[in-house]
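Working notes, structure below.
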Amino acid sequence: MTDSSSPIQRPWNTVARGIIEFVIFYDKKAKHFVGVCLSFDIIEEGNNPEKLMESLTDAAKLHVAVVKKENLPEALLNRYAPKKYWDKYLQVQGSTVLQTSLSRNLIANSVTSTTVSQYPIIDSNDQTKEQVHV
């Protein structure tokens, strides 16, 4: 299921499982990094891309946890960021230059990183974990 009202088409996230997509880029005009959780429309700014990604990931995990705990509508797990941020993300996703490290991931001094996180991840001890893939 996808959200037909959104110009961005992605698989429907549920409380049981989903995909969270992120992008971090340097805003030359504002002279700082911008981190966006594209799946939940969470936006943060900062001077350090690694710390920004950590903070943004924590915010996304908390968002999922609150939606689960409070039995909130799953639409909150599918509230996409504006298209301009998806365009930056998709620019890198289509690029063969994509690296695996935030610090080496500067593409034209603009897009720093894209990250996809899936939830939940079940390990061999049958405990729910969240794992971020950079």
> Hey, among Val34, Val111, Val64, which residue is at pLDDT 90 or above, farther than 19 Å from Pro11 by Cβ and surrounded by 17 or more Cβ atoms within 10 Å (Cβ to Cβ)?
Replying inline: Val34
>> Just to be sure before I move on: is Ile20 closer than 17 Å to Tyr85 by Cβ and modelled with pLDDT of 95 or more in the structure I sent?
In response: no
> Can you tell me which of Ser55, Ser39 is of a type in the set (Gly, Ala, Ser) and within 14 Å of Ala81 (Cα to Cα)?
Replying inline: Ser39
>> Suppose we keep only residues that are part of a loop (DSSP other than H, G, I, E, B) and out of contact with any strand residue (DSSP E or B) (no Cβ under 9 Å at 6 or more places or on another chain) within the range 84-100. Which one would you say is modelled with the highest pLDDT?
In response: Gly94
>> Kindly evaluate Ser39 against the criterion of being modelled with pLDDT of 95 or more, under 20 Å from Tyr119 (Cα atoms) and among the hydroxyl-bearing types (Ser, Thr, Tyr).
In response: no
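The values are calculated or read from the model by the stated rules, or taken from the named source; none is laboratory data. From a predicted model like this one, the values you see are computed outputs, not experimental measurements. Heads up, the Cβs are rebuilt from the backbone with ideal geometry, glycines too, and the neighbour counts pull from every protein chain shown.
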